[in-house]
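Peer 1: One structure follows; several queries about it will come next.
The values are calculated or read from the model by the stated rules, or taken from the named source; none is laboratory data. In this text the structure is predicted, and so the values were computed from the model without any measurement. All Cβ positions, even for glycine, are placed from backbone atoms using ideal geometry, and neighbour counts span all protein chains on display. Heavy atoms of the whole protein, side chains included, go into the accessibility calculation; ligands, DNA and RNA do not. Shrake-Rupley method; radii C 1.70, N 1.55, O 1.52, S 1.80 Å.
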Protein chains: 2
Amino acid sequence: MQQPPIGDVFGEMIRDAYAVRTGVGPRPLAGGRVPRPVIEVIERDDGLINGAPADHYLGEPDEWQPHDHRALRLCRGHVLDIGVGAGRHALELQRRGMAVTGLDTSAGAIEIARRRGLLDTVVATIDAYAAASARYDTFLLLGNNLGLLGGPERAPVVLDALARLANPGARIIAQGTDPYGTTDPVHVSYHQFNRERGRLGGQLRLRLRYRLLATEWFDYLNCSAAELEALIEGTRWRLRSVDEQDRPYYLAVMELVE
Amino acid sequence: MQQPPIGDVFGEMIRDAYAVRTGVGPRPLAGGRVPRPVIEVIERDDGLINGAPADHYLGEPDEWQPHDHRALRLCRGHVLDIGVGAGRHALELQRRGMAVTGLDTSAGAIEIARRRGLLDTVVATIDAYAAASARYDTFLLLGNNLGLLGGPERAPVVLDALARLANPGARIIAQGTDPYGTTDPVHVSYHQFNRERGRLGGQLRLRLRYRLLATEWFDYLNCSAAELEALIEGTRWRLRSVDEQDRPYYLAVMELVE
């Protein structure tokens, strides 16, 4: 079988998940079949394939994890929600009267976030957006988007881009997952395989698939809080606190070094 | 990325779905993470990939579709449940005091069916089992397993195997899906692609994937009732009735020609 074409996997998936949740959207009905949940398919470069229901990307606050609520309470000033997706967190901040901008590389996801009422949105990579004149007080990396730090090479690039967009005293609120609590031999072997090729154990190499489309392969980082602390050394950020109440999930707060 | 190794995809998936539903089973916990449903990943040879929750394979009667209930009311005598999986239908027949044998190619699925209490099980292909001395009055192909007829070449082989296992007056109760009601352009194009290469429109070429494993590619047939009628012509079976109350799903009853 040939390689699937590259496209806006996340956007197509979010559009369909929104159509299933709300009944609004262009998805053709499958000839009267029993409706099925929209599933995100994630391939890892050891051959692992996993599916996960996509509906949680549209979750209202009463469907969130506890750390999502604690993360929003840490926001202040102008907020940039990075990897905003369908806007679940940004919409709640906007409801609370806060200034919030949603950034995502997926045009399809931003389209749904706007349809749901999010007013200030940008379709761009963090790298491209770093040249913008806007300045922020809080950077949100929720929904495990600490993973967007990618790994030891990519993290300083991302953190530098955020520093360029930062007001004095700015913070990053990032939700991560410590991958090392698992006893699943498939994951334990993958961590070992990663270390042998000079990567962090939880430096996942992934691509997403949805229907006919795939993304390019990309790095997505699950790291421990200790690994995070090492990663940000030498950047303009320092680790201020790590909330590990919901292990293996955690909330890291980084602040700009003055 | 290399091709995934071939293995008992369905069995591994059913074992994990059973562990998630019941809390019983060997699956290592993923380091305290929020539990996720087990997802069956299905690839089609046009590059389409779909995920669907696997839990329905363990569904109790109150979770079934209406046609499942109507199918069981059509059973009589000794029943062979083909592609019995985790035994959802066979277990209910057994509870009702009927003689039922569960046949599946997946050793892992049969292991779970037995753990759930199914007494009479066989791990074999239909082709291999056709040499057995057992005789049946009803053959069940539920959960869309009319699809196991495969296509115009495979169907007569399967139907002949069942005829060899049949008592006089035996019936096949098969649940199928008419694929042609869809307006989804991805599926409409696939039907066209199939016809151009000399296949029935809904003659799917699929493989299943779960975690690190894949199945071989296999044909699985979604056909209309009219196509089914043409397929069984010249075999020892004739179409007795088609119940289309739950379109696009249908129940076909075939009976042995004396």
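Peer 1: Using the alpha-carbon centroid of each, what span in Å lies between segment B:30-98 and segment A:117-144?
Peer 2: About 45 Å separates the Cα centre of segment B:30-98 from the one of segment A:117-144.
Peer 1: With Rg and the Kirkwood Rh both taken from Cα atoms, where does Rg over Rh land for segment B:206-258?
Peer 2: Values: Rg = 15.3 Å, Rh = 13.4 Å.
With Rg and the Kirkwood Rh in hand, the quotient comes to 1.14.
Peer 1: While we're on this one: Rounded to the nearest 0.05, what FRET efficiency do B:Arg135 and B:Ser189 give with R0 = 56 Å and r taken as the Cβ-Cβ distance? Could you check?
Peer 2: Working: r = 44 Å, r/R0 = 0.79.
That pair, B:Arg135 with B:Ser189, gives E of 0.80.
Peer 1: Over chain B, what is the relative contact order in percent, taking alpha-carbon pairs closer than 8 angstrom and at least six residues apart? Kindly include the intermediate steps, with their values, before the conclusion.
Peer 2: Numbers: 504 pairs, mean separation 53.1, N = 258.
Once divided by the residue count of chain B, the mean separation gives 21 percent.
Peer 1: Separate question: A:Gly201's amide H: which non-local residues (gap 5+, or another chain) put their own amide H closer than 5 Å, with H modeled 1.01 Å from N in plane and none for Pro or chain starts?
Peer 2: none
Peer 1: To one decimal in nm, how far is B:Phe218 from the same spot in the other copies, if labels go 7 Å from Cα toward Cβ? Please give the shortest first.
Peer 2: List, nearest first: 3.6 nm.
Peer 1: Based solely on its DSSP helices, what 222 nm [θ] is calculated for chain A when runs of n ≥ 4 H residues each add -39,500 (n - 2.57) and the sum is averaged over all residues, nearest 500 deg cm²/dmol?
Peer 2: Values: 8 runs with 74 residues, N = 258.
That calculation yields -8000 deg cm²/dmol at 222 nm.
Peer 1: Provide the gained length on full extension for the span B:Ile6 to B:Val24, in nm with one decimal, where the gain is 0.36 nm per separating residue minus the Cα-Cα distance.
Peer 2: Numbers: separation 18, 0.36 × 18 = 6.48 nm, distance 2.58 nm.
That pair, B:Ile6 and B:Val24, stretches by 3.9 nm at full extension.
Peer 1: I've got another one for you. Can you list the HN-Hα couplings for segment B:42-57, worked out from phi with the Karplus curve (6.51, -1.76, 1.60; θ = phi - 60°), rounded to whole Hz and with x for Gly and Pro?
Peer 2: 10, 9, 10, 7, 8, x, 5, 10, 9, x, 8, x, 8, 4, 4, 5
Peer 1: If you put a point 7 Å past Cα along the Cβ direction, how far is that point for B:Ser189 from the same point in each other copy, in nm, smallest first?
Peer 2: Distances to the matching label points in the other copies: 3.6 nm.
Peer 1: Can you give me the Rg/Rh ratio for the protein assembly as shown, using Cα atoms for both radii and the Kirkwood formula for Rh? Don't skip to the end; give the middle numbers.
Peer 2: On the way: Rg = 26.1 Å, Rh = 25.3 Å.
Ratio of gyration radius to Kirkwood radius: 1.04.
Peer 1: Further question on the same structure: Report the full-extension gain for the segment A:Glu216 to A:His69: residue separation times 0.36 nm, less the Cα-Cα distance, to one decimal in nm. Spell out each step's value before the answer.
Peer 2: Numbers: separation 147, 0.36 × 147 = 52.92 nm, distance 3.20 nm.
Between A:Glu216 and A:His69, full extension yields an extra 49.7 nm.
Peer 1: Along the charge dipole of chain B, pointing to its positive end and built from +1/-1 on Cβ of Lys, Arg, Asp and Glu, which listed residue (B:Val24, B:Gly201, B:His187) has its Cα farthest out?
Peer 2: With unit charges placed on the Cβ atoms, the residue in question is B:Val24.
Peer 1: Another question about this same structure. Work out the mean other chain Cβ neighbour count within 10 Å for the residues of B:175-186 and drop it here as an integer.
Peer 2: Details: counts 0, 0, 3, 2, 3, 1, 5, 6, 4, 6, 1, 3.
Partner Cβ neighbours, averaged per residue: 3.
Peer 1: Averaged over peptide A:59-68, how many Cβ atoms belonging to another chain are found within 10 Å of each residue's Cβ? Write out the running numbers ahead of the final one.
Peer 2: On the way: counts 0, 0, 0, 0, 0, 0, 1, 0, 0, 0.
Partner-chain Cβ atoms within 10 Å, mean over residues of A:59-68: 0.
Peer 1: Moving on to the next point. Can you work out the base-10 log of I(q)/I(0) for segment B:113-182 at q = 0.14, 0.16, 0.22, 0.28 1/Å, using the Debye formula on its C-alpha atoms alone?
Peer 2: With one equal scatterer per Cα and no solvent, log10 I(q)/I(0) is -0.51, -0.66, -1.11, -1.39.
Peer 1: What are the ³J(HN,Hα) values, in whole Hz, obtained from phi via the Karplus relation 6.51 cos²θ - 1.76 cosθ + 1.60 with θ = phi - 60°, for each residue of segment B:101-106 in sequence order, with x given for Gly and Pro?
Peer 2: Here the 3J(HN,Hα) series is 10, x, 10, 8, 7, 8 Hz.
Peer 1: Next up: Relative contact order, percent, of segment A:94-238 when contacts are C-alpha pairs under 8 Å separated by at least 6 residues? If you can, show how the numbers build up before the last one.
Peer 2: Values: 195 pairs, mean separation 31.7, N = 145.
Averaging sequence separation for qualifying contacts and normalising by length gives 22 percent for segment A:94-238.
Peer 1: With r defined as the distance between the Cβ atoms of B:Gln245 and B:Val34 and R0 fixed at 35 Å, what FRET efficiency is calculated, to the nearest 0.05? Could the numbers behind the result be given before it?
Peer 2: Values: r = 39 Å, r/R0 = 1.11.
It comes out at approximately 0.35.
Peer 1: Now for a separate question. Could you tell me the total accessible area buried at the A-B interface, probe 1.4 Å, in square angstrom to the nearest hundred? Can you show the working numbers first?
Peer 2: Working: alone 12680 and 12680 Å², together 21980 Å².
Its buried surface, counting both partners, is about 3400 Å².
Peer 1: Each residue of segment B:80-87 in order: what ³J(HN,Hα) in whole Hz does its phi give by Karplus 6.51 cos²θ - 1.76 cosθ + 1.60, θ = phi - 60°, with x for Gly and Pro?
Peer 2: Rounded to whole hertz, the list is 10, 8, 8, x, 5, x, 7, x.
Peer 1: Next question. Bin width 10 Å, alpha-carbon pairs only: give the P(r) of chain B as whole percents, running from 0 to the bin holding the largest distance.
Peer 2: Percent of Cα pairs in each bin: 7, 30, 37, 22, 5, 0, 0.
Peer 1: Which whole-percent values make up P(r) of segment B:93-148 when all C-alpha to C-alpha distances are grouped in 10 Å steps starting at zero?
Peer 2: 19, 55, 25
Peer 1: Output the antiparallel fraction of DSSP beta bridges having both residues in chain A, as a percent to the nearest 5. Walk me through the numbers on the way to the answer.
Peer 2: Values: 28 of 44 bridges.
Roughly 65 percent of the DSSP beta bridges within chain A come out antiparallel.
Peer 1: Of the accessible area of segment B:56-102, with the probe set at 1.4 angstrom, what percent is carbon plus sulfur?
Peer 2: Values: 890 of 1810 Å².
Using a 1.4 Å probe with all protein chains present, segment B:56-102 comes out at 49 percent carbon and sulfur.
Peer 1: Let me ask something additional. Could you work out the relative contact order of segment A:163-236? I mean the mean sequence separation of Cα pairs under 8 Å and 6+ apart, divided by the number of residues, in percent. The partial results should precede the final answer.
Peer 2: Values: 60 pairs, mean separation 20.9, N = 74.
So the answer I get is 28 percent.
Peer 1: May I ask you to work out the translational diffusion coefficient for segment B:72-190 at 37 °C, viscosity 0.692 mPa s, via Stokes-Einstein with Rh from the Kirkwood sum over Cα pairs, reported in whole µm²/s?
Peer 2: Values: Rh = 15.0 Å.
Value of D from the Cα-based Kirkwood radius: 219 µm²/s.
Peer 1: Which is the longest part of chain B that has none of the trypsin sites (Lys or Arg not before Pro) sitting in a DSSP loop with at most 11 other Cβ atoms within 10 Å? Walk me through the numbers before you get to the answer.
Peer 2: Numbers: sites that count: B:Arg96, B:Arg197.
No qualifying site falls inside B:97-196, the longest such stretch.
Peer 1: Also, I was wondering about something else. With only Lys, Arg, Asp and Glu charged, each at its Cβ (+1 for the first two, -1 for the last two), find how big the charge dipole of segment A:163-258 is about the Cα centre; round to the nearest 20 debye. Spell out each step's value before the answer.
Peer 2: Numbers: 13 positive and 13 negative charges, 94 e Å.
Rounded to the nearest 20 debye, it is 460 debye.
Peer 1: For A:Pro66, go 7 angstrom from Cα along the Cα-to-Cβ vector, then report the distances to that same point in the other copies in nm, smallest first.
Peer 2: 4.5
Peer 1: Roll a 1.4 angstrom probe over the protein heavy atoms and tell me the percent of accessible area of segment A:119-258 that is carbon or sulfur.
Peer 2: Heavy-atom surface of segment A:119-258 belonging to carbon and sulfur, 1.4 Å probe: 51 percent.
Peer 1: Here is a follow-up. Hey, if you drop one equal point scatterer on each alpha-carbon of segment B:1-143 and run the Debye formula without solvent, what base-10 log of I(q)/I(0) do you get at q = 0.17 Å⁻¹?
Peer 2: -1.02
Peer 1: Name the long-range amide H neighbours of A:Thr101: under 5 Å, sequence gap of 5 or more, or other chain; modelled H, no Pro or chain starts.
Peer 2: So A:Thr101 has HN proximity to A:Val79, A:Leu80, A:Asp81.
Peer 1: Of all beta bridges DSSP finds with both residues in the protein assembly as shown, what is the antiparallel percent, to the nearest 5?
Peer 2: Details: 58 of 90 bridges.
Just about 65 percent of them are antiparallel.
Peer 1: Another question, if that's okay. Tell me the Kirkwood hydrodynamic radius of segment B:162-258 in angstroms, computed as one over the mean inverse distance between distinct C-alpha pairs. Intermediate values should be presented prior to the final figure.
Peer 2: Values: mean 1/r = 0.0658 Å⁻¹.
Taking every pair of different Cα atoms in segment B:162-258, averaging 1/r and inverting gives 15.2 Å.
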